[in-house]
1. Please give the residues of segment 273-292, grouped as numeric ranges, whose backbone N is less than 20 Å from a label point set 7 Å along the Cα-to-Cβ vector of Val257.
2. Which value results for Rg/Rh of segment 128-188 when Rg is the Cα radius of gyration and Rh the Kirkwood radius based on the inverse mean 1/r?
3. First measure r as the distance between the Cβ atoms of Glu372 and Glu264, then evaluate 1/(1 + (r/R0)^6) with R0 = 30 Å and state the FRET efficiency to the nearest 0.05.
4. Out of segment 45-97, which GluC sites (Glu not before Pro) are coil in DSSP terms and have no more than 12 other C-beta atoms within 10 Å?
5. Which values of log₁₀ I(q)/I(0), to two decimal places, follow from the Debye formula for the chain at q = 0.08 Å⁻¹ with a uniform point scatterer at every Cα?
6. Give the lysines reachable from Lys45 as a straight Cα distance under 25 Å; neighbours fewer than 8 places away on the same chain don't count.
7. Taking the alpha-carbon centroid of each part, what is the distance from segment 124-140 to segment 220-254 in angstrom?
8. For the chain, what is the mean residue ellipticity at 222 nm derived from helices alone (per DSSP H run of n ≥ 4: -39500 (n - 2.57); sum divided by total residues; nearest 500 deg cm²/dmol)?
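The values are calculated or read from the model by the stated rules, or taken from the named source; none is laboratory data. Small disclaimer: the values here were computed from a predicted structure and weren't measured. No Cβ is skipped: glycine too gets one built from the backbone with ideal geometry, and neighbour counts run over all protein chains shown. We work out accessible area using only protein heavy atoms, side chains counted, and drop any ligands, DNA or RNA first. Shrake-Rupley method; radii C 1.70, N 1.55, O 1.52, S 1.80 Å.
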Amino acid sequence: MSPTRVLVLNSGSSSVKYQLLDMRDSSRLAVGLVERIGEQTSRLKHTPAGGESRERGAAIADHDAALKAVAEELAKDGLGLDSPELAAIGHRVVHGGKFFTEPTVIDDAVLAEIERLIPVAPLHNPANLTGIRTAQALRPDLPQVAVFDTAFHTTMPESAARYAIDVKTADEHRIRRYGFHGTSHAYVSRATAELLGKDPSETNVIVLHLGNGASASAVRGGRCVDTSMGLTPLEGLVMGTRSGDMDPAVIFHLMRVGGMSADEIDTLLNKKSGLIGLCGDNDMREIRRRVDEGDEQAELAFDIYIHRLKKYIGAYYAVLGRVDAVAFTAGVGENAAPVRAAALAGLEELGLAVDGERNAVRGEEARLISPEGARVAVAVVPTDEELEIATQTYALVIGSGNHT
Ligand code: ADP
């Protein structure tokens, strides 16, 4: 009998999120999070299926210590990493560049390529690499699989992926649109087709992944043909703390006239812009509360957010030509009914509408919020990146048809 468990690791610079799944029924055996690694105030929160959460507050010095602490917690529940039931470890890797188009079993050559991509993902890839190396040291015999955030977008045609800049310079520095949140866009576009009872290969979907980071994608027949994030996750929609699209000359202006350094502008645009820059809050719940109280600054921030979103919906409608569904996902997309209603308001001529009652219903399941008989379905589809990483990992090491 083949092993049935997959451990999914999402290693950030100071955090590790993990889930242990049983692939026989895609159930979670345990989930958890280690935060503030390297600080005195580190915290590990571990929740076994059907059990009470446990917390540890002691300092956790590095990723190695973090993963060992996770392994200890799992062992307490009889789910130790030394178990023969563990089939593989699936790692979220943010940047896979142009060449990693599929989940990939990690070997030295793969590690070297992820490392080579550090210049285009300076925050994420080093943390992902540390997580992989730590896990390899713990279970050197086990297949480790990299699932790339960029992979789903590698099907974009050159007309969408290339920026209109000098080709030689672009190629020398590997500048192109890579896109991110790919695991979510893949999962949600497929789940949307399933919700409609259609084959993903015959379904065109606009996916709006609206979390703290946010991105849109145009998916034709299961393949991504355009996405809003670019060389880095800065481009595209207005996000919690990122500006999204703007005239690149703003950067020269801030350097020449504002006297700011490249690093200062990087921080400004990635951490102090978007909703937080516009109104001081990046949580959509707080922004809506302020809007309801008549706060004009929050209202303007909301309007700018919606205006950009609407532009991308229109753009991707044109890119696809025929749209079967618009799917909202992630923290804002799954929970903020006013965002969904405002983003599609006035688009009835395009066959797009939101039913007020359906939109107001909260739920954990994928559901339709368009009116009965609408030409284009509008859906709320909760994303599940960990399940998608586990599914892809398991399919690669065991085979998708064999779940026992
Ligand atoms: P990320 O993975 O990018 O950190 P999430 O997908 O978890 O983000 O989304 C987080 C965001 O979702 C929060 O910043 C908040 O704006 C929004 N959010 C979460 N719950 C709600 C809610 N009930 N209503 C409105 N917005 C919400």
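1. 273-274, 278
2. On the way: Rg = 16.0 Å, Rh = 14.1 Å.
With Rg and the Kirkwood Rh in hand, the quotient comes to 1.14.
3. Numbers: r = 52 Å, r/R0 = 1.75.
Efficiency, from the Cβ-Cβ distance: 0.05.
4. Numbers: sites: Glu52, Glu55, Glu72, Glu73, Glu85; in loops: Glu52, Glu85.
Within segment 45-97, the qualifying GluC sites (Glu not before Pro) (loop, at most 12 other Cβ atoms within 10 Å) are Glu52.
5. -0.45
6. The qualifying lysines are Lys17, Lys68, Lys76.
7. Using only Cα atoms, the two centres lie 29 Å from each other.
8. Numbers: 15 runs with 152 residues, N = 404.
When only DSSP H runs of four or more count, the value is -11000 deg cm²/dmol.
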